[in-house]
1. Considering only the range 149-163, state which residues are among the aliphatic types (A, V, I, L, M) and within 16 Å of ALA38 (Cα to Cα).
2. How many residues are in contact with an Asp or Glu (Cβ under 8 Å, 6 or more places away or on another chain) and either of a type in the set (Ser, Thr, Tyr) or modelled with pLDDT under 80 (or both) if we restrict to the range 132-157?
3. Given the criterion surrounded by 12 or more Cβ atoms within 10 Å (Cβ to Cβ), at pLDDT below 90, among the basic types (Lys, Arg) and not assigned by TED's automatic domain parsing to the domain that holds ASN134, identify the matching residue among LYS39, LYS68.
4. Please enumerate the residues belonging to the range 154-172 that are surrounded by fewer than 15 Cβ atoms within 10 Å (Cβ to Cβ) and farther than 16 Å from SER75 by Cα.
5. Answer yes or no: is there a residue in the range 111-128 that is at pLDDT 70 or above and either over 17 Å from the mean Cα position of the chain (by Cα) or closer than 22 Å to CYS82 by Cα (or both).
Amino acid sequence: MTVPDPDHKIINSVLNGNIDDFIVLVNKYRARVFLLTAKRIPVNDVEDVAQEAFIRAFKSLDTFSRQKPFENWLSIITLRTCCDYWRKNARLKEFTAPADDSGHLKWLELVACRTASDEYRKNIRNEDVRELLNWTLKKLQPDDRSLVEMIYFEGHSLKEAAEVLDWGISKTKVRAMRARSKMRRLLDKLLEAQS
C-alpha cells in the first residue's frame, strides 16, 4: 500500500476552491525554487522570476498529473520560467571580455605553456576557470546556456533536459554538442589572441 503524498491533499484543496492553501506549497518549496532561479538569473531578477514560476504553477495546477512528485513538476516549471526570462532578455546579454583580461590571458598563457607553479594554480586557477566559464556561457543562446548548466553542472540526464526544454532527445544532443563546440571555439580564439 502506497502512502498518499501530502502535497496531493493540498492540491486537491486548492483545486476545490481553497486557493489560500496554495501558500502551504509556496512555503514548502520556496527554497527549492529560489535556489534553481538564483543559479540562472541575475540577482536583481531572482525574486520576480521565482514569483512568476509559482504563479505559473498555480495557474496550471489542474494539469499536474500526479505521476511524479509535485516538487519535480514545480522544478520543471521553474526551469522553463528561467529559460523564458533569457528568451525575453536575450538582447541584454553581455558581450564583453572577462573583467580582467590581463589576468585571464596570463593564466591562459601559463596553462598553455604548462609552466605555472603549483601554488599559482591552487590559488588562482579555480577563480579564473570559473570566470572564463561564465564568460563563455554568456556567449551562448539562453536555451543552450540552460542546457549546458543542466547537463554538466547539475547532473541532469539528456532526457530530463529535453523534457524541461520541451525538445526531442535528438535535438537536445545536437544542441549540447554545438554549445560545447562554441565554447571550445571561444576559448581557442582567446588563446590565439594571446599568442
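The values are calculated or read from the model by the stated rules, or taken from the named source; none is laboratory data. Fair warning: this is a prediction, and the values are worked out from it, not measured in the lab. Cβ atoms come from the backbone with ideal geometry, glycine included; neighbour counts cover every protein chain shown.
1. The first filter runs over the range 149-163 and keeps only residues among the aliphatic types (A, V, I, L, M), leaving 150-151, 158, 161-162.
Selection gives MET150 alone.
2. So the count comes out to 0.
3. Exactly one residue qualifies, and that residue is LYS39.
4. GLY168, ILE169, SER170, LYS171
5. Quick first cut of the range 111-128, residues at pLDDT 70 or above only: none.
Among the residues of the range 111-128, not one is at pLDDT 70 or above and either over 17 Å from the mean Cα position of the chain (by Cα) or closer than 22 Å to CYS82 by Cα (or both), which makes the answer no.
Yes/no matrix, rows are residues, columns are (1) outside the structural domain of PRO142 (by TED's automatic domain parsing); (2) assigned to a helix (DSSP H, G or I); (3) modelled with pLDDT of 85 or more; (4) among the small types (Gly, Ala, Ser):
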{"site": "ILE11", "(1), (2), (3), (4)": "yes, yes, yes, no"}
{"site": "PHE34", "(1), (2), (3), (4)": "yes, yes, yes, no"}
{"site": "ILE55", "(1), (2), (3), (4)": "yes, yes, yes, no"}
{"site": "ASP62", "(1), (2), (3), (4)": "yes, yes, yes, no"}
{"site": "SER75", "(1), (2), (3), (4)": "yes, yes, yes, yes"}
{"site": "ARG87", "(1), (2), (3), (4)": "yes, yes, no, no"}
